[in-house]
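Engineer: Structure below; questions to follow.
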Amino acid sequence: GEANGRRRAEQLITAIAEGLEQEPIARRAIRQLDTRPEDVAVIALCEALLRTRAAVADLAYELLATRNELQLLVSGHRTGEVPEDVRALQGWRREVVGGELLRLLDGGLELRVGPRGVEVDETA
């Protein structure tokens, strides 16, 4: 009832006051993307692989990487400076898709359309 609502309101006010006393969470610097026209198709291939692996793992693909992170990955790979802070290259995400993204960019994987959608194969 009313007492419960008042107690929750007081808890919320206390939590906000405590939060205001804390240091702000540091934001990552936004990097300038060096995306070139030829990167667009490569980013699309990476996104196709990402979506395929996310579907197999029954995950929302956004949990693995954002399009911005794929752009960073592709432009970084092209310049030889692969950004390791891209989420898809860390921890369990690397196991699900990150390692394959790097192999795709290195030419070690190919994507094709098969009866069940996008299929991933090792290159010869």
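Engineer: Just to check your reading of the model, which residue among Leu12, Leu20, Leu49 is of a type outside the set (D, E, K, R), in a helix (DSSP H, G or I) and at pLDDT 95 or above? Explain how you work it out, then say what you get.
Structural biologist: On the way: Leu12 fails: at pLDDT 95 or above; Leu20 fails: at pLDDT 95 or above.
Exactly one of Leu12, Leu20, Leu49 is of a type outside the set (D, E, K, R), in a helix (DSSP H, G or I) and at pLDDT 95 or above, namely Leu49.
Engineer: Follow-up. Glu100 versus (1) within 19 Å of Arg67 (Cβ to Cβ); (2) free of Cβ contacts under 8 Å to residues at least 24 places away in the same chain; (3) of a type outside the set (A, V, I, L, M, F, W, C): which is the lone unmet condition?
Structural biologist: (2)
Engineer: Something else about it: Could you list, in sequence order, all residues of segment 23-37 that are surrounded by 10 or more Cβ atoms within 10 Å (Cβ to Cβ) and modelled with pLDDT of 75 or more? Please lay out each step first, then the result.
Structural biologist: As a first pass, look at segment 23-37 and keep what is surrounded by 10 or more Cβ atoms within 10 Å (Cβ to Cβ): 31, 33-36.
Once the filter is applied, which keeps residues that are surrounded by 10 or more Cβ atoms within 10 Å (Cβ to Cβ) and modelled with pLDDT of 75 or more, segment 23-37 yields Thr35, Arg36.
Engineer: For Ala41, state whether it is surrounded by 15 or more Cβ atoms within 10 Å (Cβ to Cβ), of a type in the set (Gly, Ala, Ser) and part of a helix (DSSP H, G or I).
Structural biologist: Values: surrounded by 15 or more Cβ atoms within 10 Å (Cβ to Cβ): no; of a type in the set (Gly, Ala, Ser): yes; part of a helix (DSSP H, G or I): yes.
No: the conditions fail for Ala41.
Engineer: A further question follows. Against the definition (touching a helix residue (DSSP H, G or I) at 6+ places or on another chain (Cβ under 8 Å) and either loosely packed, with under 15 Cβ neighbours inside 10 Å or modelled with pLDDT under 95 (or both)), how does Val56 come out, yes or no?
Structural biologist: no
Engineer: Here is a check on your reading of the model: is Val96 closer than 26 Å to Pro115 by Cα and either surrounded by 10 or more Cβ atoms within 10 Å (Cβ to Cβ) or more than 17 Å from the chain's Cα centre (by Cα) (or both)?
Structural biologist: yes
Engineer: Here is a further query. State all residues of segment 52-88 that are among the polar types (S, T, N, Q) and either in a helix (DSSP H, G or I) or closer than 21 Å to Gly114 by Cβ (or both); if no residue qualifies, say none. Break it down stepwise before answering.
Structural biologist: Our first condition is that a residue be among the polar types (S, T, N, Q); within segment 52-88, this holds for 52, 66, 68, 71, 75, 79.
Those that are among the polar types (S, T, N, Q) and either in a helix (DSSP H, G or I) or closer than 21 Å to Gly114 by Cβ (or both): Thr52, Asn68, Gln71, Ser75, Thr79.
The values are calculated or read from the model by the stated rules, or taken from the named source; none is laboratory data. What you see is a predicted model; the values in this text were computed from it and never measured. So basically every Cβ, Gly included, is an ideal-geometry build from the backbone, and we count neighbours across all protein chains shown.
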